[in-house]
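The values are calculated or read from the model by the stated rules, or taken from the named source; none is laboratory data. What you see is a predicted model; the values in this text were computed from it and never measured. Neighbour counts run over all protein chains shown; Cβ positions are idealised from the backbone, glycine included. These accessible areas exclude ligands, DNA and RNA; they are computed on the full protein's heavy atoms, side chains included. Shrake-Rupley method; radii C 1.70, N 1.55, O 1.52, S 1.80 Å.
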Amino acid sequence: RGYMPVLSRVVQATNRSIRAIRRAMPDATVLLCDAAESYKTRDKNLLAEVARRNLRRFLVMDLLLGRVDENHPLYSWLTSYGLSDLDLDWFIRNPQAPDVFGLDYYPHSDWQLVHANEGIRQRRADKPIGLHGVASAYWQRYGIPMMLTETSIEGQQINREIWLESIVDDTRRLRDEGVPML
């Protein structure tokens with residue numbers, strides 16, 4: 001229950017920081033980075049949880065852009081965990097958008113949910129959607145130019161080379177599709 005009020009204050013601070021930067025330096029380019037994630041499952045009983053987590057990954061940007069109201073699919077979940085209508089109203093009245101949305105994408109950014117003895121467990125997806133799939137979802141939702149701001153992989157040199165090639169290929173594919181991937 002304590003998480004939502006804290007999240008609200010962090011996003012409000014981000015909002016106010018963007019406004020302060022733009023007041024002080026109108027020519028500044030504001031870059032906001034986020035851990036870009038995607039969830040999937042093979043278990044039909046976990047589809048609702050996958051949907052909630054895939055929506056939850058957009059929560060900070062939805063709040064920042066003033067898109068969370070009583071019609072937002074996560075509204076009742078958010079308010080039941082302590083996000084107040086007063087805070088939501090503040091976001092609606094004070095939307096802010098970064099100029100560039102930074103994606104931090106790693107091999108562990110693609111998750112697969114499975115049932116475990118004690119509930120739900122997430123593990124690395126066996127068939128990840130990759131940077132292309134994750135970035136496409138953010139682009140479709142926000143239409144804000146993006147930049148890959150963090151990535152890496154552990155392991156042998158060949159694994160790192162393959163990872164880098166796949167990231168470059170996904171970036172090229174996004175650009176070819178008209179997505180402004182900087």
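Couple of notes before you dig in:
- The chain: calculated mean residue ellipticity at 222 nm from DSSP helix runs of at least 4, using -39500 (n - 2.57): -15000 deg cm²/dmol
- Probing with 1.4 Å while keeping every protein chain in the model, the per residue accessible area of the chain equals 57 Å².
- Residues of region 60-92 with amide N under 12 Å of the 7 Å Cα→Cβ point at I144: 60-67
- Zone of A28's modelled label, taken as backbone nitrogen in region 51-67 under 11 Å from a point 7 Å along Cα→Cβ: none
- DSSP bridge pairs, the chain: antiparallel proportion in percent, nearest 5: 30 percent
- Separation in nanometres of the label points that stand 7 Å from Cα toward Cβ, at D169 and A35: 2.7 nm
- Apportionment of accessible area to carbon and sulfur, region 79-125, percent (1.4 Å): 48 percent
- Ranked order, K40, K127 - accessible area, probe 1.4 Å, largest first: K127, K40
- One chain, two ends: I162 and A20. Fully extended at 0.36 nm per residue, the span grows by 47.0 nm beyond their Cα-Cα distance.
- Gained length - R124 relative to R1, 0.36 nm times residue gap less alpha-carbon distance: 41.5 nm
- Pairs of Cα atoms farther than 20 Å apart, the chain, %: 60 percent
- Surface share of carbon and sulfur [accessible, 1.4 angstrom probe, percent] for region 132-177: 48 percent
- Net length gained if the chain between E177 and L47 were fully extended (0.36 nm per residue, minus Cα distance): 43.9 nm
- Share of carbon and sulfur in the accessible heavy-atom surface of region 1-65 [1.4 Å probe, %]: 57 percent
- Accessible surface ranking for D99, D104, 1.4 angstrom probe, highest first: D99, D104.
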